[in-house]
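Here is the structure we will look at.
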Amino acid sequence: MKITTISIFPEYFSPLELSLIGKARSQSLIDFKSINLRDFTTDNHHSVDDTPYGGGAGMVMMAEPWGLAIDSILEKDSEIDLIILTPAGAKFNQKKAEKLSGAKHLVFACGRYEGIDTRVGDYYRGVSGVRVHEISIGDYVVNGGEVAALVIIEAVTRLIPGVIGNPASLDEESHNEVGALEYPTFTKPAIWREINVPEVLLSGNHGQIQKWRQEEAKRRSELGQ
Ligand code: ADE
């Protein structure tokens, strides 16, 4: 899978050199590129934002640097999934991660300030070969789309075959219904600071263990813990 991020802080993505994603990159399972939006500005100050039409606080990111940056990607690859990070987008979830894990090239537009001029999404929705997704990672506002892109990249890439060392763990997750939280987990020692591991987990009875785990996962989901 190809992944390209567009941002005014391309260094924000250095964590993608670490851990499983770093390894997947060295194995060429993921081809990652981080591009600097300011390379697509045309004025001496490399401006990317301006005041909002209609007034109000803050600045809005101008459409043209985004247009030039996205066009530069389309010159090499005419089929992309363009993900625009915005708190006003559709809420990200596991189902969306699964759908995106089948994509060939994900392009993340990471806005800052009060967001990107709305015409960018509107324009690329009309360009053939481009699927536009406006996505929010949750009902809160962060300072920019970079951290949201990192969340989505991690959730999506771990679903690509070969990225996770033990694919059985993905299999277990997929048996959970969407939104169900996983069961509580324990490892050695069996007693830690006078707290015991639940008896059933030491019983060796796999049927009982599975039943207990399902009940606990259900209880946690209901409590929203
Ligand atoms: N940018 C600012 N807040 C965001 C959020 N919750 N999701 C995606 N992008 C954002």
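The values are calculated or read from the model by the stated rules, or taken from the named source; none is laboratory data. Keep in mind it's a predicted model, so treat the numbers as computed, not measured. Neighbour counts are summed over all protein chains in view; Cβ atoms, including those assigned to glycine, are modelled from backbone coordinates with ideal geometry.
So that you can scan it fast, the table gives a plain yes or no per residue for (1) in contact with a Gly (Cβ under 7 Å, 6 or more places away or on another chain); (2) of a type in the set (Lys, Arg); (3) under 22 Å from ILE152 (Cα atoms):
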position: LEU29; (1), (2), (3): yes, no, yes
position: THR41; (1), (2), (3): no, no, no
position: GLY56; (1), (2), (3): no, no, no
position: MET59; (1), (2), (3): no, no, no
position: ALA63; (1), (2), (3): no, no, no
position: LEU82; (1), (2), (3): no, no, yes
position: ALA88; (1), (2), (3): no, no, yes
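Applying the selection to the stretch 164-186, what residues are of a type in the set (A, V, I, L, M) and at pLDDT 95 or above?
In the first step, residues of the stretch 164-186 are kept if they are of a type in the set (A, V, I, L, M); the result is 164, 168, 170, 178, 180-181.
Result: no residue meets the conditions.
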Q. With TYR124, TYR140 as the choices, which residue is touching a Pro at 6+ places or on another chain (Cβ under 8 Å), over 21 Å from LEU16 (Cα atoms) and either in contact (Cβ under 8 Å) with a residue 12 or more places away in the chain or charged (D, E, K, R) (or both)?
A. TYR140
Q | Pair list, Cβ under 9 Å, 6 or more apart: the stretch 19-34 residue exposed (fewer than 13 other Cβ atoms within 10 Å of the Cβ), other residue charged (D, E, K, R) and not in a strand (DSSP E or B) | A | ASP31/ARG25
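Please pick out the residue among VAL120, VAL142 that is within 19 Å of the chain's Cα centre (by Cα), of a type in the set (A, V, I, L, M, F, W, C), modelled with pLDDT of 95 or more and closer than 30 Å to SER72 by Cα.
Values: VAL120 fails: within 19 Å of the chain's Cα centre (by Cα).
None of the others qualify; the one that does is VAL142.
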**Q.** Count of the stretch 68-104 residues which are within 16 Å of the ligand (Cβ to nearest atom), buried (at least 19 other Cβ atoms within 10 Å of the Cβ) and of a type in the set (A, V, I, L, M)
**A.** 5
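If we keep just the residues of the stretch 110-151 that are under 12 Å from MET61 (Cα atoms) and of a type in the set (Asp, Glu), which is farthest from the ligand (Cβ to nearest atom)?
Kept after step one, since they are under 12 Å from MET61 (Cα atoms), are these residues of the stretch 110-151: 110-120, 144.
When the remaining residues are screened for being of a type in the set (Asp, Glu), the result is 114, 117.
Details: GLU114: 10, ASP117: 15 Å.
Here the answer is ASP117.
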Q: For the stretch 31-85, name all the residues that are charged (D, E, K, R) and not in a helix (DSSP H, G or I).
A: ASP31, LYS33, ASP43, ASP49, ASP50, ASP77, GLU79, ASP81
Q) For PHE13, which of the numbered conditions (1) in contact with a helix residue (DSSP H, G or I) (Cβ under 9 Å, 6 or more places away or on another chain); (2) in a loop (DSSP other than H, G, I, E, B) fails to hold? A) (2)
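Conditions (1) part of a strand (DSSP E or B); (2) acidic (Asp, Glu), marked per residue:
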| residue | (1), (2) |
| --- | --- |
| SER128 | no, no |
| VAL132 | yes, no |
| ILE135 | yes, no |
| VAL141 | no, no |
| ALA149 | no, no |
| ILE152 | no, no |
| ALA155 | no, no |
| GLY165 | no, no |
| GLU172 | no, yes |
